[in-house]
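Q: The structure's right below; bear with me while I get my questions together.
The values are calculated or read from the model by the stated rules, or taken from the named source; none is laboratory data. It should be emphasised that the depicted structure is a prediction, and the values quoted were computed from it without experimental measurement. Note that each Cβ is placed from the backbone with ideal geometry, even for glycine, and that neighbours are counted across all protein chains shown.
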């Protein structure tokens, strides 16, 4: 008798590409999980209100239930989706989540009686918090419920490093790779660099550093004389480079040089690439901070602007004593240049060029890989080096020149992407500026408010010098969009408008 063996032919070639419907289901699954996670962030302010008894707990409870229900309704139908995401999916989820997050984050502001906010104001305040901008429509902060004040700081703290990065740390448990989300979320032109080989470990490392700095900052504020509540809130907005405060007078409320020094120290630290903090912790050395070209340029920029501001204030005798000029100039330069927006003095009243100089520094912003806003020091540095290379090419047409950061040669592809980013950034700024002018906003307010929101700063000039409450609902919506564009560094959101993006 002959025996016959059955066999299954081995498939040769690349694995089949993930189906369009499968990837969409996977994206919905991630979005649902993230909404469920975000609903849990309503618990801390709810508990804060129960402790202080201000009567705002119902708003946070209903916000929790609404967000949780929407998350479950999004997740349950696609909970078994396991398709691998592509790069374009990461951009779509990131943009969708920041828009959805800003919308759901506004629910407590709508449901709470104090403050009494309309939908445009609530959305503006929520987006400002989660994008770490710090622009506000609220006044009378000292009389608001403690839970509302805490919630504003918490929004900034989660937005500082990005809730997407937190979600990436748990993506292995969900069965979906997270590299695409990480690349879409992390700031800076060199996104392929990772602190550790696995993306989940990278995200966890970033959050450990972030939480550690927040804890140390809170303890320092508390030891310097802040109440525990103020110390926690201000540590959230300091490490996140957000700028929200529990008082109308911001940091100036405490009138403490020690608190100001602590604030400046942690703002400067938070404006540096967190990858350098990781190296400092792992190698137990600080030398690589000064060896990094971007970090050196960042510190030199702060020093140069400080010298200009101090000299101008002293020459114009804006303050009675030179030490006051040094004190206010140092704090406001660090606060504005890092795109934080804490207030110690009203810089809009400073003489000559200073208000505009400080506003211009926000276009540069902090370092890539930090919690700061702006176009990032690395990009400006690369544009400057590229400009020098063009001068060399004009003088030596046959020469071969490269752009370097420190001892590292930067690929031309990265330089080209930086030029493209700066071009799109400026074009987007001009378009939104024209929209604000068409909505009836005066030129000074439109320019400064847009610069402040798109660079995630907060304070502005003109009608928005103190707050944004007097602007129209349309202007607030445009500025809310500018905040999201700035937080996602323009490309991650504008790429969705490209027809090629939707050719799956």
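Q: Go through segment 57-70 and report how many residues are free of Cβ contacts under 8 Å to residues at least 40 places away in the same chain and crowded, with 20+ Cβ neighbours inside 10 Å.
A: Going through segment 57-70 one residue at a time, the tally reaches 1.
Q: List every residue pair whose Cβ atoms sit under 8 Å apart, with the two residues 6 or more apart in sequence or on different chains, where the first one lies in segment 84-103 and is buried (at least 21 other Cβ atoms within 10 Å of the Cβ) and the second, anywhere, is assigned to a loop (DSSP other than H, G, I, E, B) and at pLDDT 80 or above.
A: Pairs that qualify, where the first residue is buried (at least 21 other Cβ atoms within 10 Å of the Cβ) and the partner is assigned to a loop (DSSP other than H, G, I, E, B) and at pLDDT 80 or above, are 94/488; 98/131; 98/488; 102/131.
Q: I would also like to ask the following. Does residue 54 qualify as being surrounded by fewer than 21 Cβ atoms within 10 Å (Cβ to Cβ), touching a helix residue (DSSP H, G or I) at 6+ places or on another chain (Cβ under 7 Å) and part of a loop (DSSP other than H, G, I, E, B)?
A: Criteria met by residue 54.
Q: List the residue pairs whose Cβ atoms are under 9 Å apart, where the first residue sits in segment 386-414 and is at positive phi and without any contact (Cβ under 8 Å) to a residue 12 or more places away in the chain, the second is surrounded by 10 or more Cβ atoms within 10 Å (Cβ to Cβ) and not in a helix (DSSP H, G or I), and the two are 6 or more positions apart or on different chains.
A: none
Q: Of all residues in segment 446-464 being over 21 Å from the mean Cα position of the chain (by Cα) and either at pLDDT below 95 or surrounded by fewer than 20 Cβ atoms within 10 Å (Cβ to Cβ) (or both), which is farthest from residue 332 (Cα to Cα)?
A: Across segment 446-464, the extreme among qualifying residues is 463.
Q: Here's something else I'd like to know. Here is a list of conditions, (1) touching a residue at least 60 places away in the same chain (Cβ under 8 Å); (2) in a loop (DSSP other than H, G, I, E, B), and residue 440 meets all of them except one; can you say which number that is?
A: Going through the list (1) touching a residue at least 60 places away in the same chain (Cβ under 8 Å); (2) in a loop (DSSP other than H, G, I, E, B), residue 440 breaks only (1).
Q: Would you mind stating whether residue 351 is out of contact with any strand residue (DSSP E or B) (no Cβ under 9 Å at 6 or more places or on another chain), surrounded by fewer than 24 Cβ atoms within 10 Å (Cβ to Cβ), part of a loop (DSSP other than H, G, I, E, B) and at pLDDT 90 or above?
A: Yes.
Q: Being under 16 Å from residue 370 (Cα atoms), over 20 Å from the mean Cα position of the chain (by Cα) and either in contact (Cβ under 8 Å) with a residue 24 or more places away in the chain or surrounded by fewer than 18 Cβ atoms within 10 Å (Cβ to Cβ) (or both) is the requirement here; does residue 255 meet it?
A: In short, no.
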